[in-house]
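Novice: Structure in structure tokens, see below.
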């Protein structure tokens, strides 16, 4: 794959300035981050970079990157990344999405699978199965950060952020990213009511990789999602919550490689 | 100076604060007794009417899903007061138009009450406190943009008289806007907007609206009013008159300092009974990133003055309380510190300040303090 014209960490896609990283070697993989923003450095990224050429954009607004008037929802993000895929001729592409990024991957694939090889959804949100009086996902904006940490991680004591210990820069990133997340997911909350009826359009294989202890997007929901897709498999990562890539990086990477036949 | 009597219409009959997590958003309404509530509504309406008898104007507001305020639909209360009163100006401060889904409905409500009251309505537009976010399922980002777009639509609805106009914009869509009735006051009722920091002052000053600030004390109020005056000057307008600035404080006037301060201690229910966890008081996007970072670091809400003593609050100009002479002196001192202001919004009832005590505070302020304030330009 040729290098994308990323100048100073910024890629221009149809007038939208997108912070973007490209690294690793192998077949192309578009990585769509979740509400916490793209992980700056992590063992799972290094391990995946040995097998894939990873394109990792930052959704507008995250890490203080500029919002764009035209990009106000997950649907808009899906068109933005379809433009990126088309304009730069990415083919036979694996799209991996974490949490909100998994929802985004589904939106993208329901619009066009033409250039996609497969999807990898990791603890993805986006689809509503429950009735109108049952939230599909806990309201993380109506609970303490401690409670969010309990729901998110298998081992919150090890994984949940200790706000008193974070640097000013890390805290600022956390707050900025939460604000950016709200731009995209506030209402309807963490889902698109129309997405369920469109899932039949996802004709490429989908690997649903789920943390066994995820209290935000539960394994039961993950199984329901996999069953609603035409061609999906579901795999649990033990002793991991909503972010298995951070909590159990080795098991996570092994599951991804197995799912992608690497 | 004009004085406006305000009660937030609290429902104070609550369990001990350690028995609930939040007085707002989540407090179960089984705690609310409709019979006690009805008595309170009628009592609060009587107190507003008595304020009019004592020569004061009237202010009301709205909050949602909270025991601190039983008026989640202020336009309804405004309509009652329009019928029950004859002379007082009626200020709704304000309509939370960044949270209201339909600004045209707000334009209709205000126009209707303006006509019923024969032109006594003053319309406030507010962003709404952070705890309203969850109660109204309102998106906490882009609120100023929504507020000013809603404002533009309401103003156009009030001032367009030749049939429908079209509005298709970022946040609101209406293809046939043509409100009936139109407002009594022409071109439209006076507009007020709240500001709690100098950073949000520019559009308020550019429209020459009344800027109102709540419990911000001497220093911060001075900064906000100065920002308003400076903005008018730098935009090539003259120095605005004092009637463009308003300040809300807890006020209780007694016959003696001791009686006035005893009343103020009861008014402090308003600030001591505001138990709200950080996820409701500090939703992402509502406050600046820096402010939210500080909350996360300290674990403390940005809106805490519950631990301050009455003396501290009086020194800061958040409470004016005592004998008529003392209350006048405190307001006069505050007036000089902030460079003058034109409207005093009197938070004159809260919590367990009973009916007769509230009436007495209104009466003494109206008779003994207000005449001296009217001379302040």
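Every residue, every condition in (1) in contact with a strand residue (DSSP E or B) (Cβ under 8 Å, 6 or more places away or on another chain); (2) part of a strand (DSSP E or B); (3) free of Cβ contacts under 8 Å to residues at least 12 places away in the same chain; (4) surrounded by 16 or more Cβ atoms within 10 Å (Cβ to Cβ), yes or no:
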| site | (1), (2), (3), (4) |
| --- | --- |
| B:110 | yes, no, no, yes |
| B:119 | no, no, no, no |
| B:123 | yes, yes, no, yes |
| B:140 | no, no, no, yes |
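Novice: Quick one: count up the residues across region A:40-54 that are in contact with a helix residue (DSSP H, G or I) (Cβ under 8 Å, 6 or more places away or on another chain) and within 13 Å of residue A:26 (Cα to Cα).
Specialist: Our first condition is that a residue be in contact with a helix residue (DSSP H, G or I) (Cβ under 8 Å, 6 or more places away or on another chain); within region A:40-54, this holds for A:42-44, A:47-48, A:51, A:54.
Those still in the list that are within 13 Å of residue A:26 (Cα to Cα) too: A:47-48, A:51, A:54.
Residues that pass the stated criteria total 4.
Novice: Looking at (1) closer than 30 Å to residue B:143 by Cβ; (2) surrounded by 19 or more Cβ atoms within 10 Å (Cβ to Cβ); (3) in contact (Cβ under 8 Å) with a residue 24 or more places away in the chain, which one does residue B:339 not meet, given that it meets all the others?
Specialist: (2)
Novice: Another question, then. Output the residues belonging to region B:145-177 that are more than 14 Å from chain A (Cβ to nearest Cβ) and assigned to a helix (DSSP H, G or I). Please lay out each step first, then the result.
Specialist: Here is the first cut: in region B:145-177, the residues more than 14 Å from chain A (Cβ to nearest Cβ) are B:147-148, B:150-168, B:172-177.
Hits for region B:145-177 are B:147, B:148, B:150, B:151, B:152, B:153, B:154, B:155, B:156, B:157, B:158, B:159.
Novice: Another question, if that's okay. Quick check on this structure: which one of B:283, B:371, B:277 is free of Cβ contacts under 8 Å to residues at least 24 places away in the same chain and either within 25 Å of residue B:45 (Cα to Cα) or surrounded by 15 or more Cβ atoms within 10 Å (Cβ to Cβ) (or both)? Lay out the reasoning, then the answer.
Specialist: Details: B:283 fails: free of Cβ contacts under 8 Å to residues at least 24 places away in the same chain; B:277 fails: free of Cβ contacts under 8 Å to residues at least 24 places away in the same chain.
None of the other options fit; the residue is B:371.
Novice: Still on this structure, I have one more. I need the full set of residues from region B:259-276 which are out of contact with any strand residue (DSSP E or B) (no Cβ under 7 Å at 6 or more places or on another chain), in a helix (DSSP H, G or I) and within 30 Å of residue B:190 (Cβ to Cβ), in order please.
Specialist: Once the filter is applied, which keeps residues that are out of contact with any strand residue (DSSP E or B) (no Cβ under 7 Å at 6 or more places or on another chain), in a helix (DSSP H, G or I) and within 30 Å of residue B:190 (Cβ to Cβ), region B:259-276 yields only B:271.
Novice: Yes or no: residue B:92 within 17 Å of the chain's Cα centre (by Cα), farther than 30 Å from residue B:46 by Cβ and either more than 14 Å from chain A (Cβ to nearest Cβ) or in a helix (DSSP H, G or I) (or both)?
Specialist: No: the conditions fail for residue B:92.
Novice: Still on this structure: Give me a count of the residues in region A:188-211 that are more than 14 Å from every other protein chain (Cβ to nearest Cβ) and loosely packed, with under 15 Cβ neighbours inside 10 Å. Even if it seems obvious, please write down each step before you answer.
Specialist: So the first thing to find is which residues in region A:188-211 are more than 14 Å from every other protein chain (Cβ to nearest Cβ), and the list is A:191-211.
Narrowing the set further to residues that are loosely packed, with under 15 Cβ neighbours inside 10 Å leaves A:193-194, A:197, A:200-201, A:203.
The total comes to 6.
Novice: In region A:153-187, which residue that is away from chain B (no Cβ under 11 Å) and in contact with a strand residue (DSSP E or B) (Cβ under 9 Å, 6 or more places away or on another chain) is surrounded by the fewest Cβ atoms within 10 Å (Cβ to Cβ)? Steps first, please.
Specialist: So in region A:153-187, the residues away from chain B (no Cβ under 11 Å) come out as A:153-160.
The next check asks that each one be in contact with a strand residue (DSSP E or B) (Cβ under 9 Å, 6 or more places away or on another chain); those that pass are A:153-154.
Working: A:153: 23, A:154: 21.
If we take residues in region A:153-187 being away from chain B (no Cβ under 11 Å) and in contact with a strand residue (DSSP E or B) (Cβ under 9 Å, 6 or more places away or on another chain), then A:154 is surrounded by the fewest Cβ atoms within 10 Å (Cβ to Cβ).
Novice: Let me ask you something else. Considering only region B:244-258, I want to know if a residue exists there that is in contact (Cβ under 8 Å) with a residue 60 or more places away in the chain, over 30 Å from residue A:179 (Cα atoms) and part of a helix (DSSP H, G or I). Step through it out loud before you land on a result.
Specialist: Within region B:244-258, the first condition is being in contact (Cβ under 8 Å) with a residue 60 or more places away in the chain, and the residues that meet it are B:244-257.
If we keep only those that are over 30 Å from residue A:179 (Cα atoms) too, we end up with B:244-257.
Applying the additional criterion that residues be part of a helix (DSSP H, G or I) yields B:244, B:257.
Yes.
Novice: Related question: I need the full set of residues from region A:13-63 which are part of a loop (DSSP other than H, G, I, E, B) and over 22 Å from residue A:178 (Cβ atoms), in order please.
Specialist: Pass one, region A:13-63, residues part of a loop (DSSP other than H, G, I, E, B): A:14-15, A:25-27, A:33-42, A:50-52, A:59-61.
Residues satisfying the conditions are A:14, A:15, A:25, A:26, A:27, A:50, A:51, A:52.
Novice: Give the residues of region B:130-142 that are within 18 Å of the chain's Cα centre (by Cα) and either closer than 17 Å to residue B:289 by Cα or at the interface with chain A (Cβ under 9 Å from one of its Cβ atoms) (or both), sorted by residue number.
Specialist: B:130, B:133, listed by residue number.
Novice: To continue, here is another question. Just one of (1) within 14 Å of chain A (Cβ to nearest Cβ); (2) buried (at least 19 other Cβ atoms within 10 Å of the Cβ); (3) out of contact with any helix residue (DSSP H, G or I) (no Cβ under 7 Å at 6 or more places or on another chain) trips up residue B:101, so point out which.
Specialist: The failed condition is (2).
Let's see how each residue does on (1) crowded, with 22+ Cβ neighbours inside 10 Å; (2) touching a strand residue (DSSP E or B) at 6+ places or on another chain (Cβ under 8 Å):
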| residue | (1), (2) |
| --- | --- |
| B:159 | no, no |
| B:178 | no, yes |
| B:189 | yes, yes |
| B:193 | yes, yes |
| B:204 | yes, yes |
| B:233 | no, no |
| B:243 | no, yes |
| B:255 | no, no |
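Laboratory data are not the source of any read-out in this text; all were calculated from the coordinates shown. For clarity, every value in this text was computed on a predicted model and none was experimentally measured. Virtual Cβ from ideal backbone geometry, glycine too; neighbours counted across all protein chains shown.
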